[in-house]
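The numbers here are math on the coordinates, done by the rules we state, and not lab data. Keep in mind that what you see is a predicted model, and the values were worked out from it rather than measured. Cβ placement follows ideal geometry from the backbone for every residue including glycine, while neighbour counts extend to all protein chains displayed.
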Amino acid sequence: MPSSVTHPAADTAQADRVVVTGGSGFVGRAVVRAFLERGTPVTVVDLHEPPAELRHELLTHVPGDLRNAAVRDAAVPEGAAGIIHLAAITSVLRSVDRPVETYANNVEVTQELLELARQRGVGRFVLASTNAVVGDIGHGTITETLPLRPLTPYGATKAACEMLLSGYAGAYGMATCALRFTNIYGPGMGHKDSFIPRLMRAALANTGVEVYGDGAQRRDFVHLNDVVQGVLAAWDKQYTGTAIIGSGRSITVLELIDAVRAATDEALPVTHVPAKNGEMPAVIVDITRAQRELGYAPDVELTDGLRTVWADFRRGMP
Ligand SMILES: NC(=O)c1ccc[n+]([C@@H]2O[C@H](COP(=O)([O-])OP(=O)(O)OC[C@H]3O[C@@H](n4cnc5c(N)ncnc54)[C@H](O)[C@@H]3O)[C@@H](O)[C@H]2O)c1
């Protein structure tokens, strides 16, 4: 708990400090590493300890559950540079099973952190959001200007968070920014149950994969390095608003499987099983705003990016 944590005393170093919630997670670890490489002091607040390879004199870990006020209090020092808020219930299925818990973790925690930031003069707040806030628009292109019509508790909680950020920017002049990530892939996703880790596990085991329906569903897969680039750009520009961070190129599930075959050199035979009810036919995003306003320029090619995941799985990394 926070009492056991040595927190740096409030001093001028806090002016540079970035607080990364969920900093021990898949995206968080990469974001934390990028800040440490820049020489920026980082506080990770997470249920889990950051992995050993992130150990650094500039890194502080506040362990605990962000629903607990004492944990939030220990994590956000007076006058810190800002908060990058990644901690959340991230599974859509879990959100459907546990909507109240999802609300508490995703919305209430965001409100409490925004308020703490306001009280403590912390002027920057970056939220990890999702394109699921707009719901199903068929094969249309998702932009930041579409109405919010989420179809799951997960999407709804992120939409609610975006509104809270907007209110705090409007009322208190805070630089609040929601980055809507598409499907992120990269090293460090071994604990996930999403499609790319499942493909990697099948490739490792020399087995096949099940594809729901005809496999023509389109998705946008963005590499973790590009996501980190987007987060740093929003941070550096003190951007206020919403921006979609994706690769800008949607591919079908069957095309993804081909790319994984190329990256792994494994056959990955496919079995088609009945389509799931309610699955979105496509996620096609327009990343123009992030390119124009943040200077975001995704540059990881899919097969190259998948090789970084494959190398990670072959090393047996979590
Ligand atoms: N991974 C993706 O493809 C993707 C896509 C869109 C949006 N996002 C968003 O990006 C963010 C990061 O996702 P990720 O893939 O790194 O998830 P992750 O599950 O790997 O990491 C989340 C981290 O948050 C921590 N956490 C969760 N609830 C907490 C709580 N109450 N108190 C303290 N710590 C808590 C977890 O311990 C974990 O380390 C999430 O907000 C997610 O909704 C991710």
- Describe numerically, in nm with one decimal, the distance between label points set 7 Å from Cα along Cα→Cβ at Glu49 and at Thr207. 3.2
- Query: Considering only Val45, Leu58, Val283, whose Cα is most displaced toward the positive end of the charge dipole of the chain, charges sitting on Cβ of Lys, Arg (+1) and Asp, Glu (-1)?
  - Reply: Val283
- Starting from the Cα gyration tensor of the stretch 80-150, take the square roots of the eigenvalues, sort them a ≥ b ≥ c, and report rounded, prolate or oblate (rounded when a/c is under 1.5, otherwise prolate if a/b is larger than b/c, else oblate). oblate
- Message: What does the C-alpha gyration tensor say about the overall shape of the stretch 61-211? Classify as rounded when a/c is under 1.5, otherwise prolate if a/b is larger than b/c, or oblate.
- Response: prolate
- Considering only Gly22, Gly123, Gly39, give the residue with the highest GNM mean-square fluctuation for the chain, with springs between Cα atoms whenever their separation is below 10 Å. Gly39
- In Å, the Kirkwood hydrodynamic radius from C-alpha pairs for the stretch 207-285 sits at 14.7
- Using a basic spin-label model with each label point 7 Å from the Cα along Cα→Cβ, how many nm lie between Asp214 and Arg38? 4.6
- Inter-label distance, nm, simple model (7 Å from Cα along the C-beta direction), Met163/His56: 3.7
- Put +1 on the Cβ of each Lys and Arg and -1 on the Cβ of each Asp and Glu in the stretch 144-198; which of His191, Tyr172, Thr157 then has its Cα farthest toward the positive end of the dipole? His191
- Query: Helix 302-314 versus the longest principal axis of the chain: what is the Cα-based angle in degrees, 0 to 90, to the nearest 10?
  - Reply: 80
- Message: Taking the Cα centroid of the stretch 206-226 and of the stretch 132-148, what is the distance between the two, rounded to the nearest whole Å?
- Response: 20
- Stretch Asn68-Val270 to full length: gain in nm at 0.36 nm per residue minus the Cα-Cα span? 68.2 nm
- Query: Taking springs between alpha-carbon atoms closer than 10 angstrom, which of Ala275, Ala15, Ala52 fluctuates most in the Gaussian network model of the chain?
  - Reply: Ala52
- Task: Using a/c under 1.5 as the rounded threshold, could you call the stretch 255-318 rounded, prolate or oblate? The axes a ≥ b ≥ c are square roots of the C-alpha gyration tensor eigenvalues, and prolate needs a/b larger than b/c, oblate otherwise.
- Result: oblate
- Query: Out of residues 5 or more away from Ala178 or on other chains, whose amide H comes under 5 Å of its own, with H placed 1.01 Å from N in the peptide plane?
  - Reply: Leu127, Gly241, Thr242, Ala243
- Which Rg and Dmax, in Å, describe the Cα atoms of the chain? 19.4, 59
- Query: Highest GNM mean-square fluctuation, the chain, Cα pairs closer than 10 Å: which of Thr264, Thr141, Thr252?
  - Reply: Thr141
